[in-house]
Amino acid sequence: MLDISKPFTDFSRHAPADVTRLVEQFLYAEARVLDREGYEEWLADFIDEDIHYWMPDMETRRRDDKRGTFAYGESAYFDDQLNELTVRVKRYNEPSAWADNPATRHAHLISNIEVFETDDPALFAVCSAFTNVRNRNETDQDIIHGRREDVLRRHENGFKLARRRVFIVQNVLLSKNLNTFF
């Protein structure tokens, strides 16, 4: 399994065009499901049982700072396994989830998709860019840009997400909440 704490480094083995097209369709379908807040469907159809979903808090540091802008094990917006994702999804249906009532309108835009083979023929490393637009009520709007590094596992009937590393470009996230998935 590709280690979530380490970035991809082997960009030399592009997946065949037919696999790349299937991965693109998977990611576009995932975005469509997330746009309509079909979170139970997202967990069931898109998320593998050993998922690790990680979004580090990015820090602005000088270029010569060897620590970089993030490190696994330090501050993160999300560092979730399947149990945590399931709890987050269940929370949407709770009466106390006032930040989600009325519903948030989402648009997940996915681009710059690149698919790479790994040493395991069932795993594919996928890089993509995203824009997540969220609008609530009359004036609450967030636009979050970033990139993702995913590991997809091929199953008999398609792919499932086994790892997701989410890197936003905003240093300070001005959103009132993070009631979304990327």
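The values are calculated or read from the model by the stated rules, or taken from the named source; none is laboratory data. Every value quoted in this text rests on a predicted model; they were computed, and no experiment measured them. Neighbour counts run over all protein chains shown; Cβ positions are idealised from the backbone, glycine included.
Of the numbered criteria (1) within 12 Å of the chain's Cα centre (by Cα); (2) modelled with pLDDT of 95 or more, the one residue 81 fails is (1). Residues in segment 84-132 that are modelled with pLDDT of 90 or more and among the β-branched types (Val, Ile, Thr): 86, 87, 89, 110, 113, 115, 118, 126, 131.
The requirement of being modelled with pLDDT under 95, touching a helix residue (DSSP H, G or I) at 6+ places or on another chain (Cβ under 9 Å) and among the charged types (D, E, K, R) is fulfilled nowhere in segment 140-155; no residue meets it. Pairs linking a residue in segment 155-182 that is part of a loop (DSSP other than H, G, I, E, B) to a residue that is among the polar types (S, T, N, Q), with Cβ atoms under 7 Å and 6 or more positions apart or on different chains, are 171/60; 179/104; 180/132; 182/132. Please go through segment 98-136 and pick out each residue that is polar (S, T, N, Q) and either part of a loop (DSSP other than H, G, I, E, B) or loosely packed, with under 13 Cβ neighbours inside 10 Å (or both). Matches in segment 98-136: 101, 104, 111, 112, 118.
Please determine whether any residue of segment 68-78 is at pLDDT 95 or above, under 17 Å from the mean Cα position of the chain (by Cα) and either surrounded by 18 or more Cβ atoms within 10 Å (Cβ to Cβ) or part of a loop (DSSP other than H, G, I, E, B) (or both). The answer is no; no qualifying residue exists.
When 84, 74 are checked against the criterion of being touching a Pro at 6+ places or on another chain (Cβ under 8 Å) and of a type in the set (D, E, K, R), a single residue qualifies: 74.
If I filter segment 143-153 for residues that are loosely packed, with under 15 Cβ neighbours inside 10 Å and part of a strand (DSSP E or B), do I get at least one hit? Checking segment 143-153: at least one residue is loosely packed, with under 15 Cβ neighbours inside 10 Å and part of a strand (DSSP E or B).
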